[in-house]
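Enquirer: Quick one: this structure, given as C-alpha cells, is what I'll be asking you about.
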Amino acid sequence: MDTDGLSDEERVRTTREVLALFASDVAEVAFDVVTPDGPIPPGFAEAAKLLRHRAGGPVEDPGYWTFDRAPVDDEVWAALLAVAPSSYSADLYGPQGGAPVVSLADEATSVGVRATGERLAQVERVVGRDRLVPLAEWHARRRAARREARRRRSPHGSASPGS
C-alpha cells in the first residue's frame with residue numbers, strides 16, 4: 001500500500017482499517033514500537049504499558065521497545081491497534097506461521113498484505129485501487145529509489161558502474 005500524500009490521521013485510520021480486515025486471521029504478532037514525537041495518541045500509553053508487560057523482559061529504552069512474537073488475544077489485539085501506527089516494524093502471522101499476513105514498516109508508512117480474491121477486494125475498498133502496489137512493482141520502486149540515491153551521491157551525478 002502506498003501511503004504517500006496521506007495525512008498522519010488518514011494513515012493511522014487506514015492502517016487500523018486494514019488491520020481490522022485481518023483480525024480473524026492473526027494468531028501471533030511481533031513488532032518494534034517507537035514512542036511518537038509530540039503529542040501521544042489517545043490510548044497509546046496504556047496499550048504500550050500492557051504490551052510491555054505481556055512481552056516480558058526489560059525495556060532498556062522506553063522510547064523504543066520490542067514485542068517479541070507472541071500469541072494474540074483480544075487484549076493484545078486492542079493494544080496492537082493503538083500502537084501499530086507507531087511501529088518501526090510489525091509482522092502479524094496467521095495460525096500456521098510462515099510469512100506474515102500483514103507487515104508494517106516505518107510508522108505504518110509502508111503496509112504490506114498477503115491477500116487474494118475477496119480479501120484483496122476488501123483491502124482495495126479500504127485503501128483505494130490507486131494505493132495498492134503489487135509486491136514486484138514495490139520492489140522495482142525500491143530499487144529505482146536506491147539507484148537514484150546512489151546517482152545523487154556520485155560526484156559526477158551519474159550512477160556508478162554496474163548499477
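Enquirer: Residue check: is Val33 under 17 Å from Ala105 (Cα atoms) and not charged (D, E, K, R)?
Expert: Criteria met by Val33.
Enquirer: Scan region 65-85 for residues that are at pLDDT below 85, closer than 10 Å to Asp32 by Cα and open to solvent by less than 50 Å² (accessible area, probe 1.4 Å) and jot them down.
Expert: Hits for region 65-85 are Trp65, Phe67.
Enquirer: Checking the structure you have, find out if any residue of region 39-55 is closer than 23 Å to Val126 by Cα, at pLDDT 90 or above and in a loop (DSSP other than H, G, I, E, B).
Expert: Within region 39-55 (the criterion being closer than 23 Å to Val126 by Cα, at pLDDT 90 or above and in a loop (DSSP other than H, G, I, E, B)), the answer is no, since none of the residues qualifies.
Enquirer: Next question. Considering only region 95-124, state which residues are part of a loop (DSSP other than H, G, I, E, B), open to solvent by 30 Å² or more (accessible area, probe 1.4 Å), in contact (Cβ under 8 Å) with a residue 40 or more places away in the chain and within 30 Å of Asp37 (Cβ to Cβ).
Expert: Those that are part of a loop (DSSP other than H, G, I, E, B), open to solvent by 30 Å² or more (accessible area, probe 1.4 Å), in contact (Cβ under 8 Å) with a residue 40 or more places away in the chain and within 30 Å of Asp37 (Cβ to Cβ): Glu107, Thr109.
Enquirer: For region 35-70, how many residues are within 13 Å of Ala82 (Cα to Cα) and touching an Asp or Glu at 6+ places or on another chain (Cβ under 7 Å)?
Expert: Residues that pass the stated criteria total 1.
Enquirer: Then there is this: Where residues in region 10-38 are of a type in the set (D, E, K, R) and not in a loop (DSSP other than H, G, I, E, B), which of them is surrounded by the fewest Cβ atoms within 10 Å (Cβ to Cβ)?
Expert: So the first thing to find is which residues in region 10-38 are of a type in the set (D, E, K, R), and the list is 10-11, 13, 16-17, 25, 28, 32, 37.
Applying the additional criterion that residues be not in a loop (DSSP other than H, G, I, E, B) yields 10-11, 13, 16-17, 25, 28, 32.
Working: Glu10: 11, Arg11: 19, Arg13: 14, Arg16: 16, Glu17: 14, Asp25: 15, Glu28: 17, Asp32: 15.
Ranking the candidates gives Glu10 first.
Enquirer: Looking at this structure, is Ser7 within 27 Å of His139 (Cα to Cα), of a type in the set (Ser, Thr, Tyr) and surrounded by 12 or more Cβ atoms within 10 Å (Cβ to Cβ)? Working first, answer last.
Expert: Working: within 27 Å of His139 (Cα to Cα): yes; of a type in the set (Ser, Thr, Tyr): yes; surrounded by 12 or more Cβ atoms within 10 Å (Cβ to Cβ): no.
No, not satisfied.
The values are calculated or read from the model by the stated rules, or taken from the named source; none is laboratory data. The structure presented is a predicted model; accordingly, all values stated were derived computationally and were not measured. Neighbour counts are summed over all protein chains in view; Cβ atoms, including those assigned to glycine, are modelled from backbone coordinates with ideal geometry. Surface areas here come from the heavy atoms of the whole protein model, side chains and all, with no ligands, DNA or RNA. Shrake-Rupley method; radii C 1.70, N 1.55, O 1.52, S 1.80 Å.
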